[in-house]
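Novice: Submitted below is the structure of interest, expressed as structure tokens.
The values are calculated or read from the model by the stated rules, or taken from the named source; none is laboratory data. From a predicted model like this one, the values you see are computed outputs, not experimental measurements. FYI the Cβ positions are ideal-geometry reconstructions off the backbone, even for glycines, and counts take in every protein chain you see.
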């Protein structure tokens, strides 16, 4: 334990001394300052309901950050949004309520979109082509379609009443406890109010998560890994310089323990550095959005896991070549290759490449043996979404990640990959003369 | 501390038994080296560059694995990390991580040796003071001179209060004042019963400090013994007289001893048996020679060293 603390202290000093970590902290400071400059304003329920009903359409969230509109009404309905009145006879205890009187301009047009909505064609799946020859929907079906559509925009309670037999004139009341999970129409301000961004297809919570995700991508992505590996990739080659290793190996500590403690010290240092960066960003974001997220701080764990998975590659290459930058670049190449393999595999699945084809088999084998860096980052983002959104909000958020790997496979195969390289490094290091 | 009754109960502080080391490419660094160093002894290992001195030390510290043979430190096999618990090592051309300060480096190496907390901090400061680095304890090592690095290297050797020290060129790069200080430290350690294994090119240093010396040549231990044993020139004596010794007296003496040679101060005689020196003195006094000095002749360690090498320079005098 004492030896571990000594090596951890050494890794910490090394990190503080390296310019690359300084660059990372500087970039993190810029990100934190950017987060501090944001200003969020929750959507106005009445405005939102009016906007939703006027833009009754089928949209998809399939694929990250994709909000493509598939079917849209040709003729906009007439919407009179207003504050609830006593004669509306709404149940008590509803939060953030908005009501609207809706006049559908073209029932046939409306029915075409309503038929393709989730619930009929299924969430996230491509909608069926409009069938003009289908029977008109009943008033009940139209009300259900509107209720489903509004729930998909973030409304938790939706009440619809038909004012005529055909269901062309409707009363709609909607409410939500979580205004931050209500999709548009709202604005957020950048750079302390210098810029204003109108949003109508995302919720404030999703934008906050997107900012957090961007920070996580910065650290767990190519840039973060480049910086971290440049800072720590040379640890072993430096230790193995003539005259340096003698001072270490002459101590009463075995070579395997020395390597394991060096590895653990570097990983723990990365965990602390990234936790500090995430923590600072979380605090600044919470000051602006009013919500502090421990889950965002916990994103340090997947980032550190990604580093812990590829760092043994740098260690092995470092022991073989004794060249720090080469070791760091080899680990970075491994990280990039794992990402490419995962992307290709997803594309193969999306493209419907049949099982048993040679390329798919090769890709599957590669996917199983490479670290699941991308998948681990995605799992971290999903955990972030789960902790910050309501159940319904998370279900909507989750549709952006249809092909997320399960945690056991992602973490298990990554741990095996790291263990293999660490074991090989120890084996080589123990047998070598210095 | 009394090394003679050490916990391990080892008769020898260092044991090297028939150690061979062959590196890749068929380079024979060591060829059957066997030696023992007693507790409390200062042992000097001499040899040319590439003779195998550093390889032997590295094998003792498990930095290099022997091809054949075994080594023990304080009674424990060198392969076990615990063998190095009470060992200090100053490598030749040592290199500290330059992001450390003098104090943090000592705390780092002390931590690896199992020290911690306040005792470690106190020990680090005491050593920095002892080796004249107290003023630089918070300075990064990258700004140190060669001499300062060497002194820091020595300071780290003493961190865990070792009973056995391996010093590879300890005074390399240190100015004369610093050298004298280091020699003083080593003499103090010797008085306290520590065992020291010294690799040095400075023969005068070895001659002053070491109880025993080994000479390694091309991987073979060619000579090993006390300084007196190695430098002894047999029964060779120099006799200085107040006046020149008459030639007939020298000739008479020549008939009784192995050889006699006139010198500027008197004569130099070589006897078959050193007990014969009394008869030589008696004869000279009987012939009226006024004696001023009688000295036993010795070789210098340098002469011994050079003559021990297989391909010694031709001008190297034979012992």
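Novice: Could you tell me which residue of region A:241-266 is nearest to residue A:213 (Cα to Cα), considering only residues that are crowded, with 21+ Cβ neighbours inside 10 Å and more than 10 Å from chain B (Cβ to nearest Cβ)?
Specialist: Per the criteria, the residue is A:266.
Novice: If I filter region A:72-89 for residues that are modelled with pLDDT under 80, under 26 Å from the mean Cα position of the chain (by Cα), closer than 19 Å to residue A:200 by Cβ and assigned by TED's automatic domain parsing to the domain that holds residue A:177, do I get at least one hit?
Specialist: Taking every residue of region A:72-89 in turn, none turns out to be modelled with pLDDT under 80, under 26 Å from the mean Cα position of the chain (by Cα), closer than 19 Å to residue A:200 by Cβ and assigned by TED's automatic domain parsing to the domain that holds residue A:177.
Novice: Do we have residue A:273 as free of Cβ contacts under 8 Å to residues at least 60 places away in the same chain, within 28 Å of residue B:96 (Cβ to Cβ), surrounded by 18 or more Cβ atoms within 10 Å (Cβ to Cβ) and more than 14 Å from chain B (Cβ to nearest Cβ) here?
Specialist: Taking the combined requirement at face value, the residue does not satisfy it.
Novice: Can you pull out the residues in region A:283-303 that are in a loop (DSSP other than H, G, I, E, B) and closer than 24 Å to residue A:225 by Cβ?
Specialist: Listed by number, the residues that qualify are A:293, A:298, A:299.
Novice: Right, residue A:200: more than 26 Å from residue A:297 (Cα to Cα) and surrounded by fewer than 20 Cβ atoms within 10 Å (Cβ to Cβ) or not?
Specialist: yes
Novice: I'm trying to understand the selection: among the residues of region A:194-236, which are part of a helix (DSSP H, G or I) and more than 24 Å from residue A:295 (Cβ to Cβ)?
Specialist: A:226, A:229, A:230, A:231, A:232, A:235, A:236
Novice: Checking residue B:196 against (1) within 14 Å of chain A (Cβ to nearest Cβ); (2) within 30 Å of residue B:75 (Cα to Cα); (3) modelled with pLDDT of 90 or more; (4) not in a helix (DSSP H, G or I), which test does it fail?
Specialist: (1)
Novice: Okay, moving on. Looking at region B:38-52 only, could you name the residues that are surrounded by 23 or more Cβ atoms within 10 Å (Cβ to Cβ) and either within 14 Å of another protein chain (Cβ to nearest Cβ) or out of contact with any strand residue (DSSP E or B) (no Cβ under 9 Å at 6 or more places or on another chain) (or both)?
Specialist: B:52
Novice: If we scan region A:334-349, do we find a residue that is within 30 Å of residue B:54 (Cβ to Cβ) and without any contact (Cβ under 8 Å) to a residue 40 or more places away in the chain?
Specialist: no
Novice: Filter region A:21-32 for residues that are farther than 21 Å from residue A:297 by Cβ and either within 13 Å of chain B (Cβ to nearest Cβ) or crowded, with 17+ Cβ neighbours inside 10 Å (or both) and give the result.
Specialist: A:22
Novice: I need the full set of residues from region A:1-19 which are more than 7 Å from every other protein chain (Cβ to nearest Cβ), surrounded by 18 or more Cβ atoms within 10 Å (Cβ to Cβ) and in a helix (DSSP H, G or I), in order please.
Specialist: A:4, A:7, A:8, A:11, A:15
Novice: Which members of region B:205-239 meet the condition of being over 23 Å from residue B:21 (Cα atoms), out of contact with any helix residue (DSSP H, G or I) (no Cβ under 8 Å at 6 or more places or on another chain) and not in a strand (DSSP E or B)?
Specialist: B:228, B:229
This table checks each residue for (1) modelled with pLDDT of 80 or more; (2) under 37 Å from the mean Cα position of the chain (by Cα); (3) farther than 20 Å from residue A:399 by Cα.
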{"site": "A:116", "(1), (2), (3)": "no, yes, no"}
{"site": "A:122", "(1), (2), (3)": "no, yes, no"}
{"site": "A:133", "(1), (2), (3)": "no, no, yes"}
{"site": "A:139", "(1), (2), (3)": "yes, no, yes"}
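Novice: Let me ask another. Test of understanding: among B:63, B:46, which residue is touching a helix residue (DSSP H, G or I) at 6+ places or on another chain (Cβ under 9 Å), modelled with pLDDT of 90 or more and over 28 Å from residue A:252 (Cβ atoms)?
Specialist: B:46
Novice: Would you point out which residue out of A:394, A:434, A:429, A:421 is touching a helix residue (DSSP H, G or I) at 6+ places or on another chain (Cβ under 6 Å), assigned to a helix (DSSP H, G or I) and within 14 Å of another protein chain (Cβ to nearest Cβ)?
Specialist: Working: A:394 fails: within 14 Å of another protein chain (Cβ to nearest Cβ); A:434 fails: assigned to a helix (DSSP H, G or I); A:421 fails: within 14 Å of another protein chain (Cβ to nearest Cβ).
Step by step, each of A:394, A:434, A:429, A:421 is checked, and only A:429 is touching a helix residue (DSSP H, G or I) at 6+ places or on another chain (Cβ under 6 Å), assigned to a helix (DSSP H, G or I) and within 14 Å of another protein chain (Cβ to nearest Cβ).
Novice: Restricted to region B:83-100, and to residues that are part of a strand (DSSP E or B) and under 20 Å from residue A:255 (Cβ atoms), which residue is nearest to the other protein chains (Cβ to nearest Cβ)?
Specialist: B:89
Novice: Listed residues A:167, A:154; which is modelled with pLDDT of 80 or more, surrounded by 15 or more Cβ atoms within 10 Å (Cβ to Cβ) and part of a loop (DSSP other than H, G, I, E, B)?
Specialist: On inspection, the qualifying residue turns out to be A:154.
Novice: Looking at residue A:228, is it in contact with a helix residue (DSSP H, G or I) (Cβ under 7 Å, 6 or more places away or on another chain), under 23 Å from residue B:97 (Cα atoms) and in the same structural domain as residue A:319 (by TED's automatic domain parsing)?
Specialist: So residue A:228 passes the test.
Novice: Now for a different question. For region B:101-138: of the residues being more than 14 Å from every other protein chain (Cβ to nearest Cβ) and in a loop (DSSP other than H, G, I, E, B), which is surrounded by the fewest Cβ atoms within 10 Å (Cβ to Cβ)?
Specialist: Within region B:101-138, the match that is surrounded by the fewest Cβ atoms within 10 Å (Cβ to Cβ) is B:132.
Novice: If you don't mind, there's one more thing I want to ask. For the structure I just gave you, tell me whether residue B:154 is in a loop (DSSP other than H, G, I, E, B), out of contact with any helix residue (DSSP H, G or I) (no Cβ under 6 Å at 6 or more places or on another chain) and under 25 Å from residue B:85 (Cβ atoms).
Specialist: The answer is no for residue B:154.
To keep it simple, each residue is scored yes or no on (1) touching a strand residue (DSSP E or B) at 6+ places or on another chain (Cβ under 9 Å); (2) touching a residue at least 40 places away in the same chain (Cβ under 8 Å).
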| residue | (1), (2) |
| --- | --- |
| A:138 | no, no |
| A:142 | yes, no |
| A:156 | yes, yes |
| A:161 | yes, no |
| A:168 | yes, yes |
